[in-house]
Amino acid sequence: MQMKKLGLTVGALVAATALLSGCAQAPGSSDGKTEIVYWTWFPPQTTIEAAISAFEAENPDITVTLKTFEGADYQKQLPLALSGGQQVDVAGVQISAMTNSVKDYLDPAEDWAADFLPNINTTMVQQTKDIASDGELYSVPMGSIGSPVMYYNATILDELGLSVPETAADWKVAVDAISAAMPEVTPVVFLGDVYWQEEMLFAIAEQTSPGLSDDIIGGDGSWEQKGLVDGLEAYKSLFDDGIVGTDVLSLTGTRPNELFGQGLAGFYIDGSWNNSLLSASYRADNNLAVTDVGATTIPLIDGGNPSVRALAEGGLAIPTASEHKEEAAKFIEFMLSTAGADVWAKDLILVPSLTGYELSDSVLQSDASVAGYTSATAAISNPTSKRDSQQDFLNTVEGNAILDVLRGTTTAAEAAAKMQSEWTSGRYPHGSDK
Amino acid sequence: MTFVKTSKLVKPRGGSRALPPRGGASRVTAKTGWYAVGFLTPLVIVYSVYFLFSFGVLGVVSTQRVGLTFRNAVDVGTQNFTLVASDPAFQGALLNTLLFALFSVAVSLTLGFALAMMLASGVRFRRFFYTIFLLPALIPMSLFATVFGRMLETRDGAINEGLRAIGLGFLAQDWLGDPGAAYVAVAVLITYAIGLPIMYYTTDVAQVQASVMESATLDGANVWQIYRIMLFPLLRTTHITVILSVLLGSFRAFDIIYFSTAGQPGGRTDITGTYIYKATLGLDRIGYAAAASIIVLVVALAFSIIQIIVRRKAL
């Protein structure tokens, strides 16, 4: 009798678990509404929720269930979810980092985006296609990002009577002035993390050798070529000339951003996804001490022209396994329309892909922020290379080799030789090897 | 010095250690045998499905060039193993893993043992000190390592700030930029994580018969001799447990390194865990990462086998 009771209890538990897991696996229609599941890592959750609310108000028969992830974690979670058959109706795709790892599970965008694709910036669409190994379009980009962008504390520059630096010499003058007048302020901050070093290196190297990143990472160019070695030496010269201190290389994660936000850094170099710093309302909402922010490109170190690597980003895709493709396409169309962009574009993280879209005048208020946004947008619209990386090589070899040069552990030529040797070792398929 | 009296329920250790009968008549009845089978079956099923299946997949994937979706796999034979084994970054990571493991063992057997003996001797504020030493073992290491990593910042980090505040600014280091300083930082972190060895020792020393210690005291042994000649050898099975747990724990010390030094400077403090994690980030690199995992698994298994042999001999 007891065994029977136990059996019944276990049976009931199994049935309940199956029922619950079934509910979690396949949200569909409830109360006459269709529920679609949206996975993404971008933009910030509050912004997406606002965009979803606006969409649901326009489409009362569709509800959107949101699941957000941290960027690096998302690169693993989405492929695993798609290969495991988990229901995802709209998938955010990191165009450079994820397109090829998930494209086999996505419907070609031309199948579901034909109605609104003509409204999307053709360059960004082409960049998205080019990333896929088969040249097919699997996601529609929400916009474009570029890096590096150099944000500056406009209040500090104003107080010290400094102009926005355009060359290393100007920069040195500004750094010395800040150090002398405000010893508590770190003149220049950026990430010392391994992955960030590639952004810095190519931005500096491409000032005199545009297209270098495309040649090496996207093509079959050598890491030992002169442009790259010169770039490494130019990057190192920032430390040798006292523009940047080696202590900056110990800043990781969100620390540079925190220091700049607290008004404890004069210049902050990062990607255009930090353009929110230009917005006064963003700074107020996040209790940032810095009162006025401008943006520019990295000053010219050894002549040449300003450089930024940029790429379409924030791809929206529909998995082949989705059972609500029509609703998913409707949601994506909304996100890429003026109504959707009005909600998320004011975060300034992406330069929107919607052709002719103009940011509301109320978002940027100071002269420095308007000029900064214009400068960053212009650079991103005319990049010197695609913002593309070989992540495993970057994390294991490239970033460490660059850091060794900056710390004086090795020479630029030796680091370049090491990178080339590892690049051709067979461990990191690239270019025509892919 | 006082010793905790041995419970009557606990068999004494050392010379009069109670061992299970070997080969003699078994008192296991058919009924208790079925109970054992009943209890073991779920574990065996879970083990078979979870571990053996996972190992099987790992083995197959390690011979492929494939990504996280496991689609369009290309068979590459043993190429992944060759590439991993010949990678200087992997060799360095493996060496670091062993180095940090040996350091952990050394710290556990010396400092851990000494602290445990002090705590077992009835020192005042015992509970307070237990909390201090055991806390790192109870909180997520990732959290602790993250905070510690922040403390290592050169300009504004708490360690350098603290040194400057007490007039020892000359000792301030570029903790993540200088290889020697980075190793010191990792060593400090490892040292702080000796809570579990202390727990093992304090638990086992409580089972040492007080009469043995009293006899030694009556025979004129001083405290140092009691520790060195009696307690340390008496706790040899605990040493083996500590060595194994610390050694194998070192192969899973991903969070300690990843969240503190992140392998810096220049990957010189990377361990196998961080190496494998980085390897999974690239396109179609799951096979490569699987091969690296298997090599690490084989090394860890080798250590386990050696430990089992040593333990059998010790018993």
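Helices (runs of 4 or more DSSP H) fully within region A:141-253 that include at least 2 residues being away from chain B (no Cβ under 14 Å) and within 19 Å of A:VAL308 (Cα to Cα): A:168-181, A:194-205, A:226-240. Filtering region A:399-434 down to residues that are farther than 16 Å from B:PRO265 by Cα and among the polar types (S, T, N, Q), which residue is nearest to the other protein chains (Cβ to nearest Cβ)? Checked region A:399-434; the qualifying residue nearest to the other protein chains (Cβ to nearest Cβ) is A:SER425.
I'd like to check something: does region A:281-289 contain any residue that is buried (at least 21 other Cβ atoms within 10 Å of the Cβ) and on the phi < 0 side of the Ramachandran plot? No, region A:281-289 contains no residue that is buried (at least 21 other Cβ atoms within 10 Å of the Cβ) and on the phi < 0 side of the Ramachandran plot. Here A:VAL93 clears all of (1) away from chain B (no Cβ under 14 Å); (2) within 30 Å of A:ILE298 (Cβ to Cβ) except the condition numbered (1). The residues of region B:197-239 that are closer than 28 Å to B:PRO136 by Cβ and touching a Gly at 6+ places or on another chain (Cβ under 8 Å), listed by number, are B:PRO197, B:ILE198, B:TYR201, B:VAL208, B:LEU234. Kindly evaluate B:ASP178 against the criterion of being acidic (Asp, Glu), without any contact (Cβ under 8 Å) to a residue 24 or more places away in the chain and within 14 Å of chain A (Cβ to nearest Cβ). No: the conditions fail for B:ASP178. Does B:PHE251 count as within 14 Å of chain A (Cβ to nearest Cβ) and either under 14 Å from the mean Cα position of the chain (by Cα) or under 16 Å from B:TYR192 (Cα atoms) (or both)? Considered against the rule, which asks whether it is within 14 Å of chain A (Cβ to nearest Cβ) and either under 14 Å from the mean Cα position of the chain (by Cα) or under 16 Å from B:TYR192 (Cα atoms) (or both), B:PHE251 comes out as no.
Of the residues making up region A:346-365, those that are surrounded by fewer than 21 Cβ atoms within 10 Å (Cβ to Cβ), touching a residue at least 60 places away in the same chain (Cβ under 8 Å) and either under 17 Å from A:SER276 (Cβ atoms) or among the aliphatic types (A, V, I, L, M) (or both) are A:LYS346, A:ASP347, A:LEU354, A:VAL363, A:GLN365. For the structure I just gave you, tell me whether A:ALA289 is modelled with pLDDT of 95 or more, in a helix (DSSP H, G or I) and among the small types (Gly, Ala, Ser). Answer is no for this residue. The C-beta contact set for region A:79-96 (first residue touching a residue at least 24 places away in the same chain (Cβ under 8 Å), second residue among the charged types (D, E, K, R), distance under 6 angstrom, 6+ apart or interchain) comprises A:ILE95/A:GLU313; A:SER96/A:ASP388.
Any residue at all in region B:270-277 that's more than 14 Å from every other protein chain (Cβ to nearest Cβ) and part of a helix (DSSP H, G or I)? So far as region B:270-277 goes, no, none of its residues is more than 14 Å from every other protein chain (Cβ to nearest Cβ) and part of a helix (DSSP H, G or I).
Only residues that are under 10 Å from A:LEU191 (Cβ atoms) and not polar (S, T, N, Q): list them for region A:234-267, please. Hits for region A:234-267 are A:VAL248, A:LEU249, A:LEU251, A:GLY253, A:ARG255, A:PRO256. Going residue by residue through region A:207-223, is there one that turns out to be buried (at least 17 other Cβ atoms within 10 Å of the Cβ), in contact with a Lys or Arg (Cβ under 8 Å, 6 or more places away or on another chain) and aromatic (Phe, Trp, Tyr)? Within region A:207-223, not a single residue is buried (at least 17 other Cβ atoms within 10 Å of the Cβ), in contact with a Lys or Arg (Cβ under 8 Å, 6 or more places away or on another chain) and aromatic (Phe, Trp, Tyr).
Would it be correct to say that A:THR396 is more than 11 Å from chain B (Cβ to nearest Cβ) and among the β-branched types (Val, Ile, Thr)?
On the way: more than 11 Å from chain B (Cβ to nearest Cβ): no; among the β-branched types (Val, Ile, Thr): yes.
Criteria not met by A:THR396.
Where helices (runs of 4 or more DSSP H) fall wholly inside region A:36-129, the ranges with 1 or more residues that are under 22 Å from B:LEU68 (Cβ atoms) are A:71-83, A:95-102, A:109-112. Residues in region B:280-287 include at least one that is in contact (Cβ under 8 Å) with a residue 24 or more places away in the chain, within 13 Å of chain A (Cβ to nearest Cβ), touching a Ser or Thr at 6+ places or on another chain (Cβ under 9 Å) and within 23 Å of B:VAL298 (Cβ to Cβ).
Going through (1) more than 11 Å from chain A (Cβ to nearest Cβ); (2) in contact with a strand residue (DSSP E or B) (Cβ under 6 Å, 6 or more places away or on another chain); (3) of a type in the set (A, V, I, L, M, F, W, C) one by one, B:VAL74 falls short only on (1).
With a requirement of 2 or more residues that are modelled with pLDDT of 80 or more and closer than 30 Å to B:ALA185 by Cα, the helices (runs of 4 or more DSSP H) lying completely within region B:1-114 that satisfy it span B:79-85, B:88-107.
I'm told B:ARG150 meets every condition in (1) in contact with a Lys or Arg (Cβ under 9 Å, 6 or more places away or on another chain); (2) not in a helix (DSSP H, G or I) except one. Can you identify the failing condition by its number? Here B:ARG150 meets the rest and fails (2).
Residue count for region B:54-83, restricted to those that are loosely packed, with under 13 Cβ neighbours inside 10 Å and closer than 23 Å to A:TYR105 by Cβ: 5.
When A:ALA378, A:ALA317, A:ALA371, A:ALA321 are screened for being within 27 Å of A:LYS172 (Cβ to Cβ) and touching a residue at least 12 places away in the same chain (Cβ under 8 Å), only A:ALA371 passes. All of A:ALA378, A:ALA413, A:ALA417, A:ALA368 fail the test of being of a type in the set (A, V, I, L, M) and surrounded by 22 or more Cβ atoms within 10 Å (Cβ to Cβ), apart from A:ALA368. Taking region B:166-230 and the helices (runs of 4 or more DSSP H) fully enclosed by it, the elements with 1 or more residues that are buried (at least 19 other Cβ atoms within 10 Å of the Cβ) and under 23 Å from the mean Cα position of the chain (by Cα) are at B:179-192, B:195-205.
Within region B:242-258, the set of residues being more than 21 Å from B:LEU95 (Cβ to Cβ) and either among the hydrophobic types (A, V, I, L, M, F, W, C) or crowded, with 18+ Cβ neighbours inside 10 Å (or both) comprises B:VAL242 only. Just to verify a result, which residue in region A:332-374, among those that are under 19 Å from the mean Cα position of the chain (by Cα) and aromatic (Phe, Trp, Tyr), is farthest from A:ALA310 (Cα to Cα)? Checking each candidate, the answer is A:TRP344. Does region B:288-298 contain at least one residue that is more than 30 Å from B:ASN72 (Cα to Cα), more than 14 Å from every other protein chain (Cβ to nearest Cβ), surrounded by 15 or more Cβ atoms within 10 Å (Cβ to Cβ) and touching a helix residue (DSSP H, G or I) at 6+ places or on another chain (Cβ under 9 Å)? The answer is no; no qualifying residue exists.
The values are calculated or read from the model by the stated rules, or taken from the named source; none is laboratory data. What you see is a predicted model; the values in this text were computed from it and never measured. Note that we place each Cβ from the backbone using ideal geometry, even for glycine, and neighbour counts take in every protein chain shown.
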